[in-house]
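The values are calculated or read from the model by the stated rules, or taken from the named source; none is laboratory data. All values reported here derive from a predicted model rather than from experimental measurement. Neighbour counts are summed over all protein chains in view; Cβ atoms, including those assigned to glycine, are modelled from backbone coordinates with ideal geometry. These area figures cover heavy atoms from the full protein model, side chains too; ligands, DNA and RNA do not enter into them. Shrake-Rupley method; radii C 1.70, N 1.55, O 1.52, S 1.80 Å.
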Amino acid sequence: MSESDVTRDGVRGERPGRDALVGRGMGDGERPGGKRRGRKGGTGRRGDQPMVPRAEFTSYYGRPVLNPPTWQPRDIAGYFFLGGLAGAGSVLAAGAELTGRPGMARALKVSSLAALTGSTAALIHDLGRPRRFAHMLRVFKPTSPMSVGSWLLAAYGPVAGAALASDLTGRLPRAGRAATVAAALLGAAVASYTAVLAADTAVPAWHDGYRELPYLFVGSAATAAGGMALLASPVAENAPARGVALLGTAVETAAVKAMERRLGVVAETYREGRAGRLMRTAEALSATGALGGALLGRRSRTAAALSGAALLAASACTRFGVFHAGMRSAKDPKYTVLPQRERLEARRERPREG
C-alpha cells in the first residue's frame, strides 16, 4: 500500500499515476487506471482528470482551519499597549510617591489615566457600541478573562482618577494616597490580564505561547512605564524609571527568546513577515532606550526624553508584533495542523519509551 503525507515541506511519498479519474466509469474489459485488457498503450479518454486534488495545507473550500479573529490592529493591539502602559504606570507612580518623587508620581498618574481612557475607547470601538461594554458588567464570571478584565477596568478607572484628582488639587491627601495604592494593586492586574485574554483563544501563536506571554506582556508594560517616566519626569527623580526600563527590557527579551525556542514551527510567525519586522524593531529600540537611559538619562534631560520615547515605541511595536503574529498563525492551517501532529506523535512515543 502506498502512503503520502503532508509535511511542512509539501507532499511526501506521492506516487505518479495514482490519482482517481472522473468523467466516466470503467468499461467492459477495463482495469482500474483506465487501461483495457489486450490492448497495448490503451488509455482513458482525453477528458479524464484527477478527481482528488493534491493535498495541501487547506481546509474545505480553501478556508482556514480556524476562523481568524475579526479584531483590528489599531483597536486590539492599541488596547494591549495602552492598557499595559496605564497599569504599569500606576505601579511605578505609587512607588515614586512613596519614595518622595512627586514630579514622577504626578506625571505617571496623568499618563496612566490618559492611557486608560484611550485603552477603553479602543475596546469600545472594537465592540461597536458603548453599551456592549456595560452589558459585560451584568455578570462576573471568574473563568472568563474578558469578564474579569471588564471588571478590572471598571474598578481601576475610578481609583486612578481619584488618585490624580487628589494630587492635582491637594485635597484629601490620605484618600489620595489610598487611591494611589489601590490603583497600583489593580494596575498590576490590568497590565497582565490581556496576556491571559489572548492565550485563552484558539489562535496558535497566542495559545501555544501561554507560558511566556504573561511575562512578555508584563515586561513590555514595564518598558512602556519606564519610558514614560523618563520622558515626563525630572532627571533628579528618574532613577527608578531607569531601573524599571532595564528590568522590563530584560524580561521582555527573555520571554520572546524562550517562546520562540519552545513553539517550534509556530515561532515562524514571530520571526517572519510584518510581525518579525515589528519584533526586531522592538528589540533594537528597547535595547537602545534602556541603555541610553541608564548611561545618559541621569545627566541629560534630552537623552532621558529620547530614551523614554524609544522605550515607548518599543513596547508599542511588541504589542503590534504579537497581534500580527497571531493573525498570521490563525490564517495559515500549517500552524494548527503541524503542532497537533507533533503532540500526537509525542504521546504515542511515550508508552514505547516506558
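A few notes on this one:
- At R0 = 45 Å, FRET efficiency that the Cβ-Cβ distance of T99 and T143 yields, to 0.05: 0.75
- Per atom type, the range 164-246 shows carbon and sulfur on 67% of its accessible surface, probed at 1.4 Å.
- Put simply, when 284-293, 214-223, 142-151 are sorted by average Cβ atoms within 10 angstrom per residue, most first, you get 214-223, 284-293, 142-151.
- Debye log10 I(q)/I(0) at q = 0.13, 0.15 Å⁻¹ for the range 226-354, Cα point scatterers: -0.61, -0.72
- Its residue count N sets the reference 2.2 N^0.38 Å, and the alpha-carbon radius of gyration of the range 180-269 equals 1.23 times that reference.
- Space enclosed by the convex hull of the alpha-carbon atoms of the range 58-192, per residue, Å³: 132 Å³
- Label zone at V181, where the point sits 7 Å out along the Cα-to-Cβ direction: the range 133-163 residues whose backbone N lies under 16 Å: 159-160, 163
- Rg to Rh, two decimals, where the range 124-211 supplies the alpha carbon set and Rh follows Kirkwood: 1.08
- Given +1 at the Cβ of Lys and Arg, -1 at the Cβ of Asp and Glu and no other charges, the dipole of the range 224-349 around its Cα centre is 120 debye to the nearest 20.
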